[in-house]
Every structure is written in structure tokens, then in C-alpha cells.
1. Run lengths n ≥ 4 of DSSP H only: what is the helix-derived mean residue ellipticity at 222 nm for the chain, with -39500 (n - 2.57) per run over all residues, to the nearest 500?
2. Tally Lys and Arg at +1 and Asp and Glu at -1 over the other residues with C-beta under 14 Å from the C-beta of Lys202: what net charge comes out?
3. Across the Cα atoms of the chain, what radius of gyration and what greatest pairwise Cα-Cα distance (Dmax) are found, in Å?
4. Quick one: accessible area per residue over the stretch 90-208, 1.4 Å probe, rounded to a whole number of Å²?
5. Helix 12-23 versus the longest principal axis of the chain: what is the Cα-based angle in degrees, 0 to 90, to the nearest 10?
6. In square angstrom, rounded to the nearest 10, how much accessible surface does Glu97 have for a 1.4 Å probe?
7. Step through the residues of the stretch 97-114 one at a time and calculate ³J(HN,Hα) from phi using the Karplus curve (6.51 cos²θ - 1.76 cosθ + 1.60, θ = phi - 60°), rounding each to whole Hz and writing x for Gly and Pro.
8. Can you tell me which of 44-53, 122-131, 107-116, 85-94 comes out highest on packing, and rank the rest after it, using the mean Cβ neighbours within 10 Å?
Amino acid sequence: MNKTIGILGCGWLGTSLGVSLLKDGYQVKGSTTSTDKLDSLNQKGILAYPIHLNEGSVDGKIGEFLTDLDVLVINVPPNLRKDPSSDYIAKMQLLLENIKGFPIHHILFVSSTSVYGDVEGEITEDTVPQPVTKSGKQLLKSERLFFNETQFSTTIIRFGGLIGEDRHPITQLSGRTLTNGGELINLIHKNDCIHMIRTILKNGYWNQLFNGVYPYHPTKAEYYTVEAKKRGVPPPNYTQGTAKANKKKVIFRNFYVKKHLLTTSISS
């Protein structure tokens, strides 16, 4: 197999993934929308390209980036909070047309458990997605865009909320008054995200779907109160809302049945 992997989207997760893959012996190409990050990525050993996806064009050296890749990791979220009018599907369609011009064999599409929407109970990879947000709907359509393409094989990972040593939701939730304390936690540590991707690459798990959520699901009120106290910050103030708390619990079944575990706790 060609040992060159492209990571489209070297942000918080993508950069750490690239560094990890370099240690595994891969050559890594990475893209960023920020020219300020090019030197930093190159210094880490990631061959960096400035690439920006638009609805009508791809700015940057997309051809050089896609050349000689066997695997492309697409790690580009919709980011509709920054630009609510953005058409993520149009960007992915244009990206797909560019990819089809190169002999890339495998795509790993990083998605989100938001595609399941407000489905109740235990959610596995067999659960029919019912996205309710614009972001979730666009992600689901984009998943299918790549998964249904026959020129290459696509594996999809639907990650829960991402946390890490330098990134945790409690920093934004501390001291706030919230009504969703009865909902369940569906989180995953960045280390386990990288672990799942490395495992998929090593074992050739293509044309498959994986949920990526750590198997610990306390209520948000329980979890964030404890995490706030551990950090010495004010916990959120959870009041009882009028709506019934959604008991959505996402299970990483397909990874588990292959005898793989998630190993980095989401508790501090």
C-alpha cells in the first residue's frame, strides 16, 4: 500500500492525527485554510498545503495535495455557526469531483453523531439517522455522497463530542444556567479518535460505518458538575426544563465487535 495519507483539515484533531501517523511510518500531507499554520505543520513533518473549499471553487493546490495518495481523510466540519448560509453539500460535491480525477483508493470521512438527531435510547450504527439540525442534515447527505461512490471505498466515523487535555465543554458551560441536565453525555477523547482512525487504517476496515463515543453516559448535570469541581470552576446551574430529557446513548458497537476498545477516559 502507498504509505502516503492526506488529511484534509489539519485543525485540532487533524494535526494531532498527522503527527501520530508520521510515527506509524506514513508520509502525511495536510491541508489548512490558514496560511499562518503552514510553517507549523511543515515543522511537524506534515507536508502542508493551503486549501479552501468554496461552493463554486477549490482554492489552493488541490491537485498537488491529492497526487499519490492512497488514503484521504476528510476532516472538514460544516462550521455553520461561523457561516450559517454556507452550503456544505456543494463543497463536498466539488471536492468529490476533484478526488475522482486521481487514483485514490480509500476515503475516511469524519462525521458526527449529530446525524442521529433526537432519536431516543441506545443508538448503534444500524439506527436510522434522523438529523434535525441543518449541520446534521448536510453531514448525512455528504456521508452518502462519498459512501455511494464506486471509484473508491469509504469508511465513515461518527464521533460524539470531542474533548482533550486542552479542550473541554466545561470551560464554556461553567456558571451558565441550563435546562438540559437530564440528557446523557456522548463524548470521546481526541486520543481515542486517533486510535480509531489508526486501527481502521491498520486493519483495512473499508466500506464500513463506526460510531465513536466513549462508553460512559452519565447525565450532563452529573458529569459537568463533577468536572467543574475538579477544575475549581463554578459548575453550571441546571434547572428543570419543561421538555422531557432525551436519553440518547450512542454505542460504539461496530468497533467493539471487532474486539477493539476505547481506552482514554472522558473523566478528568
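The values are calculated or read from the model by the stated rules, or taken from the named source; none is laboratory data. Since the model is a prediction, treat every value here as computed from it, not as a measurement. No Cβ is skipped: glycine too gets one built from the backbone with ideal geometry, and neighbour counts run over all protein chains shown. Side chains included, ligands, DNA and RNA excluded: accessible areas come from the protein's heavy atoms. Shrake-Rupley method; radii C 1.70, N 1.55, O 1.52, S 1.80 Å.
1. My calculation for the chain gives -9000 deg cm²/dmol from helical runs alone.
2. +3
3. Expressed in Å, the Cα Rg and Dmax of the chain come to 18.8, 55.
4. That works out to 43 Å² for each residue.
5. It is inclined by approximately 50 degrees.
6. So the heavy atoms of Glu97 present about 110 Å² to solvent.
7. 4, 5, 4, 5, x, 10, x, 7, 8, 9, 10, 10, 9, 8, 10, 9, 5, 5
8. Per-residue mean Cβ counts within 10 Å order the peptides as 107-116, 44-53, 85-94, 122-131.
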